[in-house]
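First the structure, in the form of structure tokens, and then the observations on it.
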Amino acid sequence: VTVVYICIQRFYAATSRQLRRLGSISRSPVFTHFGETLAGLSTIRAFKVQRQFLKELERKLDMDLVTTFLFICTNRWIAFILECMGNLIVMFAGMFTLLYHIDGGKTGLSISYALSITVYLNFLIKQTLE
């Protein structure tokens with residue numbers, strides 16, 4: 001189980017790092033354009049090209065939001081995968097107790113420990129990624 005968690009963490013870490021890098025790259029033109037627009041606001045109004053600058057800002061924001069959306073999607077993906085892994089751990093704990101006819105108290109204890117282990121593993125993976 002630990003090996004699978006480590007493989008998932010390494011795969012997600014590489015993807016997340018690249019998306020953060022792309023996000024920084026795509027965010028820079030937005031801030032630059034916004035700053036330049038504020039600096040030349042009187043000239044833009046004098047030539048009545050506000051709409052053109054607004055369209056340019058919208059285009060740059062769209063490019064930035066693509067990377068933001070992909071980053072959100074990868075965060076949801078890792079959350080889904082980790083939740084599935086946790087569910088498998090709990091399922092195997094339950095199946096183990098059924099297979100070996102373990103009494104109810106020990107069954108509840110093993111399932112509650114399996115649930116807490118999944119919470120800790122999910123927390124550990126998310127902390128190592130940040």
| note | Leu61 fails exactly one of (1) at pLDDT 95 or above; (2) among the aliphatic types (A, V, I, L, M); (3) over 21 Å from Val119 (Cα atoms); (4) exposed (fewer than 13 other Cβ atoms within 10 Å of the Cβ), namely (4)
| task | Answer with yes or no whether Ile89 is surrounded by 14 or more Cβ atoms within 10 Å (Cβ to Cβ) and free of Cβ contacts under 8 Å to residues at least 40 places away in the same chain. | result | no
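Right, Lys126: loosely packed, with under 12 Cβ neighbours inside 10 Å, more than 15 Å from Val1 (Cα to Cα) and not aliphatic (A, V, I, L, M) or not? Can you show your working first?
Details: loosely packed, with under 12 Cβ neighbours inside 10 Å: no; more than 15 Å from Val1 (Cα to Cα): yes; not aliphatic (A, V, I, L, M): yes.
For Lys126, the condition - loosely packed, with under 12 Cβ neighbours inside 10 Å, more than 15 Å from Val1 (Cα to Cα) and not aliphatic (A, V, I, L, M) - is not met.
Okay, residues lined up against (1) modelled with pLDDT of 90 or more; (2) more than 12 Å from Thr67 (Cβ to Cβ); (3) not hydrophobic (A, V, I, L, M, F, W, C):
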residue	(1), (2), (3)
Arg10	yes, yes, yes
Arg27	yes, no, yes
Phe31	yes, yes, no
Leu41	yes, yes, no
Arg45	yes, yes, yes
Lys48	yes, yes, yes
| task | Take Tyr113 and decide whether it is surrounded by fewer than 11 Cβ atoms within 10 Å (Cβ to Cβ) and either farther than 29 Å from Gln18 by Cα or at pLDDT below 95 (or both). | result | no
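The values are calculated or read from the model by the stated rules, or taken from the named source; none is laboratory data. All figures in this text were calculated on a predicted structure; none of them were measured in a lab. In this analysis, Cβ positions are derived from the backbone assuming ideal geometry, glycine residues included, and neighbour counts consider all displayed protein chains.
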